[in-house]
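For reference, the structure discussed in these notes is given below.
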Amino acid sequence: MEGKQRNVESIFNAALSQRSPIERAAFLEGACGEEPHLRTRVEALLRAHEEAGDFLIEPAVAQAAQAAQGGAAPEDEQPDAGIERSGTLIGPYKLLQLIGEGGMGAVYMAEQQEPVRRKVALKIIKLGMDTRQVIGRFEAERQALAMMDHPNIAKVFAAGATESGRPYFVMELVRGIHILDYCDQNNLDTAARLALFMDVCSAVQHAHQKGVIHRDIKPSNVMVTLHDSRPVPKIIDFGIAKAMHQRLTDKTVFTAYGQFIGTPVYMSPEQAEMSGLDIDTRTDVYSLGILLYELLTGTTPVDARMLAQSTFGEIQRIIREEEAPTPSTRISKLGDASTRIASKRKSTPGSLSHLFRGDLDWIVMKTIEKDRTRRYESVSDLAKDIERHLRNEPVLAGPPGALYKSRKFVRRHRVGVLAGVVVATGILVGLALATSGFLKASHDRDVARDATRRANTEAARSQAISEFLQERLIAMDPRQMNATDASVANLLAESRKLFGDDHAIVAGVLYTRAANLRSAGQLDEAKEAFEEAVELYQRAHGSRDATVALALSALTGVLADQREHGEAEERGQAALDIHREVFGDDSLQVALALEQLTDVIRSGDTGGRTEEIRSLWAETVATFRAAVGDDDRRTVSALCKYGTWLYERGLLDEAKGALVEALESGRDVPGLRSDVLFDAQAALLGVYSARGENDTARGVFVKLVDRVRELHGAESPTTVSILTQFGSWLVMHHDWEEARGIALEAVAIAREHLPRGDSVRLGAFDLLRGVTVRVGKRAEATRAYEDAVAEARACWGEDSPAFVDRLVRYGLWLASADDPAAAESVLRESLALARDVLEPGSETFVEAQAGLVGLLIESGAAPVDEVQALFASYLASVRLLRGADDPRVGDELARFAEYLAREGQPALAAQYHLEAGALARAAEDRQAIAETAVKLAALSAEIVRTTDRPKDEYRVALLAIDEALRAEPNREAWLQTRALACYRLDLLVDAFESIAHAAGLRSMLRQGDSPESLAIQAVIQWRLGHQEQASALFQRAMSLQPVLIVPAKSPLVREAARLLDSGKD
């Protein structure tokens, strides 16, 4: 009894490893032999296993994103748009220079004046482009972007509208170079490139969790800047494309229905189809795959130059149809260029190709699958697979077979393992396929005597094979198996010895060898082995046997993996025909074969076989219904796939009917794959959004939330996660109050049932923070921000750069919320932490310093000495970040100089302006030079008009006015100031020359003498000992405007009077 139980368990475990229901049925037929009770028990275990299937809920980003996009509005006529001038004020932002321009919008470098002074990037819709549709989508997008808070995404600081109502974004000004340039310029090896790429994935996943799809990921939108001497990639211009309607150009274009959205070379096939369908997050997965391909090989899968020379329709065809070579193949075929590319990666062409072969090939090719259902389900899945590769662990993109995992284990631990055990398991299980031919023959014993003898012989052999397999199935227990039994050669020899050179036995061995090769990614070898297995089965049992159909189905799968769609379709059709003959039209085997054939044709379709595919899908669903019933998971799964395909083809009415039925039927179906269900859910949300039925889409999301609650409990992390996603979806649709309610519910559950430090709990608090900030409830938003910071502290720790960055954002929020005392406290804390965690030249460190310095300058409450010390530290950090000679450092110097001037420190202010002027002159910035000259002249005049200053201040005044005169040497007032500065320093000859120059200018302009000029000349002449000339000059000054001797507005004339009076005494 105990042996029988072990037998049942062994066969059950082996059956679970079969690749498809068809293969599982064939295996059971051989393994159980003439023991129907044994097969009954095993099948009962298999059904129980399937019914216990999970309902793994993942963040419903695809649904939220698709629903948020909705149907595209018709494109408005677009007049030529104007450009703002430098110096224009938009709110608290002064436009400095145009740094980017598209058909609909322009990006400026701007200077924020308050509450902190800093350079930012401001994007605004061009004049004349502000149609209602554009503004509406622009507004929705910027509100979504404001929800994002990630160190690898260019931060959105603010948003607003001009006086005329045109909206704009204000974003972080990212200074760096494109990720490809950075990697090549620094000769980063493959591991370092993958590390940077994982940071990019983290940013994209964060945006997806907020319901935002980038749709235009490419190297020029990923900049690398240095933080703490560490490269940090930042995605820029995130998602703004969704608000735009532009014409097709060779640059990135953002258009309405029926036009490209994205950059062709990085565009996913579903974007290129332009069928009016909403795309989902997997389009970003595809674009990331192209970026990864380029990071690894230095080239894109499709030559951008070829696309540039192609017609519109040809571009679409190339993107949808042409398959890319694997990275290892591409690098080996680049010729001389491969040496240069490999050297940039500290490698050789051969070594690089070898490194790519296997994991990286599999990861890249899974990421850029033409069929989005075969890509990674999320960006986080892609990043995790790369991380597995870097840790030398098995990757999901690679074959999941035991042989592959065993090889990974050997590589990690460098010790011998029983790899042959794994191979032996597959070989022996594969032998079961040979038995189905014998069993079928036993049913023909009544046909004729020869057939009877053949059937009896084959039945006997079937029993022997069954016993042989059962022994080996028991031996599959690792405690009973040894390496010799696991040897492929030994097992093959043993099978030949037991059964003779039987072609069916050899076919079974070949079949399993092919399956193992397929699992290991050796597709060419697998194809060859499967083809030989088909031939041997045909010789053994005839061309119309079930075993031939099974082998043909397996061969079809390999050909589909190789993207040999034409040959795969031919083999799949042959398998289907045999299944019809053997099992009947309404059998499960025919349904499964139909599903495989439909998938093959769908994958290879370029758009001309829609009706044929629709017919095949309908037949597939109908056959499943007939074979296993309406409520079987396989029927529901096929209906989900059918509805999803209809949606992707833009057949919205049919898609809606199929998806509603599938989801309704699948509600109570055990074992239904969660990814299929969620694809259907996402498609249905997309259908409703495309039809403008957002209320119905909301209902679908509500049902999904309810379903999650039912399956996982109201207090589970999964429930909190789906609530957070629903809240983000509501935010995308501007339903702030309901989003706030959902966020409060998610936070309440998370606070009660999830531990502090849990990332799902942090997500809930982040949602509430973002929503309350958007609804304008400042007090509530501040509390929510405080809670989110506390959660981030628990989740990441105070020594995390991400937490310090979050704390800095909180401080800046408090400053903008008119709570300067709290803002100062938080910014001081963030700076204290930053000194231990970040380098002084990091972006976050500089922002914290800028925020605190700006706050103290604005309040005017702190002592000037303290503010000056903080500014000196800030300036040192800015120089580390941007370079000591960067002209933008001059902007910081000039702003601080203005603060000092307001605080009554003109000499100190002049010194900072002098330093700023030197940078402007080095950069040949004429506007900055002119502006600095005016400020220096004014400060110098203020200094020299008083008589009681230290000589050092007069020397600063002279330096300042000389720098001003370099810009404009013939300004009379400035020459008078210089004369007075020289006079204060007893440089009387210089003083006289300057005042004479000024007087000469007035004479040339026929403006007559100036009383103040005459007064200055008088005091200079007096000091030179020319008292008579001095008196005469003074008398002329008095005659021109005698009243000047009294008012306080003329200190120079008053000074001259005192000096001359003292001479009379």
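The values are calculated or read from the model by the stated rules, or taken from the named source; none is laboratory data. Small disclaimer: the values here were computed from a predicted structure and weren't measured. Every residue, glycine among them, receives a Cβ derived from its backbone with ideal geometry; neighbour counts consider all protein chains shown.
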Quick check: is even one residue across the range 689-712 in contact with an Asp or Glu (Cβ under 9 Å, 6 or more places away or on another chain), at pLDDT 80 or above and under 21 Å from E377 (Cβ atoms)? no
Flagged pairs (Cβ under 6 angstrom, 6 or more apart or on separate chains; first in the range 602-629, closer than 17 Å to E654 by Cα; second among the polar types (S, T, N, Q)) are L616/T598; W617/T598; T620/T598
Among N221, N186, the single one that is surrounded by 22 or more Cβ atoms within 10 Å (Cβ to Cβ), at pLDDT 85 or above and in the same structural domain as Y293 (by TED's automatic domain parsing) is N221
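Do you know which of the residues in the range 684-708 that are of a type in the set (V, I, T) and farther than 16 Å from D653 by Cβ is surrounded by the most Cβ atoms within 10 Å (Cβ to Cβ)? Don't jump to the end; show me each part of the working.
The initial filter retains those residues of the range 684-708 that are of a type in the set (V, I, T), namely 687, 696, 700, 702, 705, 708.
From what's left, farther than 16 Å from D653 by Cβ: 700, 702, 705, 708.
Numbers: V700: 21, V702: 11, V705: 19, V708: 23.
The selected residue is V708.
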Counting only residues in the range 361-420 that are outside any loop (DSSP other than H, G, I, E, B) and among the polar types (S, T, N, Q), the one modelled with the lowest pLDDT is identified as S406
Scanning the range 839-858 residue by residue, those at pLDDT below 80 and in contact with a helix residue (DSSP H, G or I) (Cβ under 6 Å, 6 or more places away or on another chain) turn out to be P840, G841
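Assigned by TED's automatic domain parsing to the domain that holds D891, of a type in the set (D, E) and not in a helix (DSSP H, G or I), is that true of D948?
Against the criterion (assigned by TED's automatic domain parsing to the domain that holds D891, of a type in the set (D, E) and not in a helix (DSSP H, G or I)), D948 qualifies.
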Note on the range 881-929: residues charged (D, E, K, R), over 21 Å from Q113 (Cα atoms) and modelled with pLDDT under 85 are D885
Within the range 315-327, the residues that are outside any loop (DSSP other than H, G, I, E, B) and buried (at least 20 other Cβ atoms within 10 Å of the Cβ) are I315, Q316, I319, P327
Subset of the range 542-565, residues touching a Leu at 6+ places or on another chain (Cβ under 9 Å) and not hydrophobic (A, V, I, L, M, F, W, C), comes to T547, S553, T556, D561, Q562, H565
TODO: Please indicate, with yes or no, whether at least one residue in the range 678-687 is modelled with pLDDT under 85 and more than 30 Å from S759 (Cα to Cα).
DONE: yes
Scanning the range 787-811 residue by residue, the ones that are in contact with a Pro (Cβ under 8 Å, 6 or more places away or on another chain) and surrounded by fewer than 23 Cβ atoms within 10 Å (Cβ to Cβ) total 2
Exactly one of E847, E858, E866 is without any contact (Cβ under 8 Å) to a residue 60 or more places away in the chain, in a helix (DSSP H, G or I), more than 20 Å from E915 (Cα to Cα) and not aliphatic (A, V, I, L, M), and that one is E866
Does A979 count as over 13 Å from Q1017 (Cβ atoms) and assigned to a helix (DSSP H, G or I)? no
Every listed condition ((1) small (G, A, S); (2) free of Cβ contacts under 8 Å to residues at least 60 places away in the same chain; (3) surrounded by 14 or more Cβ atoms within 10 Å (Cβ to Cβ)) holds for G358 save (2)
Residue in the range 779-799 that is part of a helix (DSSP H, G or I), within 23 Å of A154 (Cβ to Cβ), in contact (Cβ under 8 Å) with a residue 60 or more places away in the chain and not assigned by TED's automatic domain parsing to the domain that holds P115 present:
no
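Name the residue that is surrounded by the most Cβ atoms within 10 Å (Cβ to Cβ), counting only residues in the range 512-544 that are in a helix (DSSP H, G or I) and of a type in the set (S, T, Y).
Y537
Results for (1) among the basic types (K, R); (2) part of a helix (DSSP H, G or I); (3) at pLDDT 85 or above; (4) touching a Ser or Thr at 6+ places or on another chain (Cβ under 9 Å), shown as yes or no for each residue.
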{"site": "L492", "(1), (2), (3), (4)": "no, yes, no, no"}
{"site": "G508", "(1), (2), (3), (4)": "no, yes, no, yes"}
{"site": "R571", "(1), (2), (3), (4)": "yes, yes, yes, yes"}
{"site": "D577", "(1), (2), (3), (4)": "no, yes, yes, no"}
From the option list E963, E993, E972, single residue qualifying as out of contact with any Phe, Trp or Tyr (no Cβ under 7 Å at 6 or more places or on another chain) and within 30 Å of R882 (Cα to Cα) is E963
Kindly indicate whether D631 is closer than 30 Å to V708 by Cα, buried (at least 17 other Cβ atoms within 10 Å of the Cβ), at pLDDT below 85 and outside the structural domain of I318 (by TED's automatic domain parsing).
-> no
**Asked** touching a helix residue (DSSP H, G or I) at 6+ places or on another chain (Cβ under 6 Å), aromatic (F, W, Y) and modelled with pLDDT of 85 or more, is that true of W736?
**Response** yes
Picking from E141, E172, the residue that is at pLDDT below 80, of a type outside the set (A, V, I, L, M, F, W, C) and within 29 Å of L89 (Cα to Cα) would be E141
Within the range 717-746, restricting to residues that are without any contact (Cβ under 8 Å) to a residue 24 or more places away in the chain and more than 22 Å from Y688 (Cα to Cα), the one that is surrounded by the fewest Cβ atoms within 10 Å (Cβ to Cβ) is G741
Within the range 964-1002, residues surrounded by 24 or more Cβ atoms within 10 Å (Cβ to Cβ) and among the aromatic types (F, W, Y) come out as W974
